[in-house]
1. For the subset of segment 409-431 comprising residues that are open to solvent by less than 30 Å² (accessible area, probe 1.4 Å) and within 17 Å of residue 470 (Cβ to Cβ), which member is modelled with the highest pLDDT?
2. When residue 203 is evaluated against the numbered criteria (1) assigned to a helix (DSSP H, G or I); (2) within 23 Å of the chain's Cα centre (by Cα); (3) β-branched (Val, Ile, Thr), which criterion, by number, is the only one it fails?
3. On the basis of being surrounded by fewer than 20 Cβ atoms within 10 Å (Cβ to Cβ), among the small types (Gly, Ala, Ser) and assigned to a helix (DSSP H, G or I), does residue 395 make the cut?
4. Scan segment 206-239 for residues that are over 18 Å from the mean Cα position of the chain (by Cα) and part of a helix (DSSP H, G or I) and jot them down.
5. For segment 332-377, name all the residues that are assigned to a loop (DSSP other than H, G, I, E, B) and within 26 Å of the chain's Cα centre (by Cα).
6. List the residue pairs whose Cβ atoms are under 9 Å apart, where the first residue sits in segment 372-383 and is within 17 Å of residue 403 (Cβ to Cβ) and at pLDDT 85 or above, the second is part of a loop (DSSP other than H, G, I, E, B) and open to solvent by 50 Å² or more (accessible area, probe 1.4 Å), and the two are 6 or more positions apart or on different chains.
7. When you look at residue 130, is it touching a strand residue (DSSP E or B) at 6+ places or on another chain (Cβ under 9 Å), open to solvent by 80 Å² or more (accessible area, probe 1.4 Å) and either modelled with pLDDT of 85 or more or more than 21 Å from residue 284 (Cβ to Cβ) (or both), yes or no?
8. Under 7 Å between Cβ atoms, at least 6 apart or on separate chains: pull out the pairs that start in segment 466-485 with a residue that is among the small types (Gly, Ala, Ser) and end on any residue that is surrounded by fewer than 24 Cβ atoms within 10 Å (Cβ to Cβ).
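The values are calculated or read from the model by the stated rules, or taken from the named source; none is laboratory data. Since the model is a prediction, treat every value here as computed from it, not as a measurement. Glycine also receives a Cβ, built like all others from the backbone with ideal geometry; neighbour counts cover every protein chain displayed. All accessible areas refer to the heavy atoms of the entire protein, side chains included, with ligands and DNA or RNA removed. Shrake-Rupley method; radii C 1.70, N 1.55, O 1.52, S 1.80 Å.
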Amino acid sequence: MEDKQDIPETPPKKESRKKPPVVKPPMPMKGFAMWFLMMALVLTALNLFQRPEQSEKLDYNPGFVQMAKSGRIISCDIVRETSGNDYITGELTAVDGKTGAPKKFRVDVVVTEDLLKMLQENNVTFKVRANSPFWQVFWNVAPFVIGFLVFYFFFFRQMKMAGGRAMSFGKSRAKLLQRDDKNRTTFADVAGVDEAKEELQEVVEFLKNPKQFQRLGGKMPKGVLLAGSPGTGKTLIARAVAGEAEVPFFSISGSDFVEMFVGVGASRVRDMFEQGRKSAPCIIFIDEIDAVGRSRFSGMGGGHDEREQTLNALLVEMDGFDTAEGVIIIAATNRPDVLDPALMRPGRFDRQVFIDLPNLKGREEILNIHVKRVTLAKEVDLTKVARGTPGFSGADLMNLVNEAALLAARRGAEAVELPDFEEARDKVSWGRERRSHMLDAEEKKLTAYHEAGHAIVLAKTEQTEPLHKVTVIPRGRALGSTMQLPEKDRYTQGRKRLMGMLIGLMGGRAAEELIFGDVTTGAQNDIERATRIARAMVCEFGMSETLGPRNYGSGQEQMFLGREISRNEIHSDKITQLIDVEIDNILKEAHETATIILKDHRDRLELIAELLIKYETLDGEQVMEILATGKAPEELLKNGNGHTAPIVVEDVKPEEILLAE
């Protein structure tokens with residue numbers, strides 16, 4: 001409540017009816033310069049392109065004197081110059097035949113009183129004028145001035161508009177992140193990487209309160225390297241550090257150091273650390289540091305001198321004689337194996353934080369963050385969605401939520417439901433349904449038996465993941481697919497589980513041989529994956545009883561800088577033959593096991609294939625019920641599968657089918 005005594009009781013002033021004077025804003029210097037340039041250009045053009053007058057040059061005596069006495073001079077001007085070179089110009093009574101105008105003349109004379117008296121006696125009209133030296137100098141200098149102004153406006157100003165750095169190649173391109181409370185990213189926006197958050201939280205607390213850690217003799221870490229697969233959130237974590245730390249945060253990409261000019265990268269590194277020293281304590285984030293920090297040993301033809309100079313400058317600035325105190329480097333890379341060992345040692349990157357793909361709990365936390373931006377139905381269980389997305393990174397989960405929202409909006413729903421997430425997951429993992437790719441009756445039946453073989457073998461093999469869905473709807477490059485839903489994240493695989501994968505992959509081919517007595521190209525992807533797993537079992541995992549626990553190399557490593565060429569891990573031809581024999585034995589064992597399972601459950605195989613032909617998609621629970629009872633579920637026969645409308649294909653004979661998947 002306001003106190004009345006504090007309010008002055010003064011009568012209100014009457015508003016003046018006079019309009020305030022209009023103050024014209026002063027012409028900006030840029031506009032004045034442009035007007036001056038335009039005027040100078042016009043004057044110069046007039047001076048340069050004006051046609052000179054054709055004048056007849058006469059001698060003073062007897063030519064000029066005789067014409068003056070004979071009355072042939074109409075008028076004349078006596079021009080006095082400061083240099084003493086006086087002259088007379090004028091017009092004669094004679095007419096120029098080309099132009100029809102009086103002829104012009106010019107006489108170089110020395111102006112005296114006798115000359116003026118002679119013109120007056122002969123009634124010649126004349127006037128005396130002085131020629132200003134300023135205009136002579138101006139017209140001589142004007143072209144050079146105009147050229148300089150044109151060069152300035154069309155070169156220097158264009159370079160300045162291009163970013164202000166065109167002529168400063170050696171300056172750092174690190175951007176200072178402005179503090180914005182509205183769009184700030186914090187650790188609350190990061191999920192699924194709890195260990196990395198704890199490591200970086202210590203860095204943030206060290207910057208906020210260094211005395212707490214220095215009282216026992218601890219030093220501020222020089223650098224933190226974030227390594228992990230693409231999409232795991234390395235850059236997001238760095239942005240969260242910038243949001244949490246109340247210190248300047250500079251961000252730059254590793255490719256910004258590389259230029260076409262020699263020495264630019266090293267100069268930019270030095271300038272970047274100089275900016276960091278001025279703002280210390282601060283954080284410098286280098287994204288994709290492998291672009292500049294690759295190993296200097298190449299093994300094939302030497303290295304790149306410019307990149308090595310940039311790396312050397314970075315090494316010295318991080319830990320040299322004159323190090324930057326209070327400057328912490330946070331770098332991110334997808335390839336820590338290619339970085340130079342000198343860059344990875346303690347004292348430069350004191351901490352190496354590996355950011356792995358999120359586990360089940362982490363995926364659920366990431367989904368909870370991303371679904372805040374969409375309208376979610378109440379019955380959606382994000383735990384089930386997370387369980388069905390093993391191997392998904394944070395970027396994949398963000399894309400999954402976005403695709404689910406788009407699918408829900410496309411069908412006109414008011415909220416995103418669980419089927420939208422399932423369809424989005426299948427679309428991201430296996431591709432979109434290609435309903436326009438219609439299969440004829442033979443191909444559809446062949447695909448149905450192939451996928452039914454996969455489903456039965458997987459269901460009857462120990463240590464395999466539960467079935468999720470079997471479909472004969474083309475999706476991506478496949479004509480059908482059998483999908484599994486892992487119960488939990490697995491970090492190690494046993495030999496029995498790997499053999500279960502191989503047996504499941506051979507189920508489609510075994511079904512083709514059992515039903516049709518022929519094999520097709522539909523099992524190409526299955527055989528490729530099975531061969532890769534079998535080779536890894538023999539060469540990498542030591543799961544062969546004949547060859548024993550020894551690593552022979554799978555031949556699938558990425559070659560980097562020629563190191564793999566110089567390896568001496570070459571085994572004999574006998575070992576190579578044994579490896580091939582062991583791989584063949586493992587694949588044949590898996591194929592024989594799959595064939596035995598399908599022979600024992602041939603009636604279930606035919607029933608599941610018929611239902612797939614009719615309904616196109618079966619859930620894992622429906623497949624398990626068919627295997628247990630030998631009958632189609634009543635709910636399926638009454639209401640369909642809930643995925644698509646039933647499609648009935650009549651008069652299909654097994655012997656008429658040719659497969660492809």
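1. Taking segment 409-431 and keeping what is open to solvent by less than 30 Å² (accessible area, probe 1.4 Å), we get 415-416, 420-421, 424-426, 431.
Still in the running and within 17 Å of residue 470 (Cβ to Cβ): 425-426, 431.
On the way: 425: 86, 426: 81, 431: 73.
Across segment 409-431, the extreme among qualifying residues is 425.
2. For residue 203, the exception is condition (2).
3. Numbers: surrounded by fewer than 20 Cβ atoms within 10 Å (Cβ to Cβ): yes; among the small types (Gly, Ala, Ser): yes; assigned to a helix (DSSP H, G or I): yes.
Considered against the rule, which asks whether it is surrounded by fewer than 20 Cβ atoms within 10 Å (Cβ to Cβ), among the small types (Gly, Ala, Ser) and assigned to a helix (DSSP H, G or I), residue 395 comes out as yes.
4. Of segment 206-239, the ones over 18 Å from the mean Cα position of the chain (by Cα) are 206-227.
206, 207, 208, 210, 211, 212, 213, 214, listed by residue number.
5. Residues of segment 332-377 that are assigned to a loop (DSSP other than H, G, I, E, B), as a first pass: 334-335, 340, 345-350, 356-359, 374-375, 377.
Across segment 332-377, the qualifying residues are 334, 335, 340, 349, 356, 357, 358, 374.
6. Once the first residue is within 17 Å of residue 403 (Cβ to Cβ) and at pLDDT 85 or above and sits in segment 372-383, its partners that are part of a loop (DSSP other than H, G, I, E, B) and open to solvent by 50 Å² or more (accessible area, probe 1.4 Å) give 375/414; 376/417; 377/414; 377/417; 380/417.
7. Here the answer is yes, as residue 130 does meet what is asked.
8. 476/430; 476/431; 478/430; 481/430; 481/475
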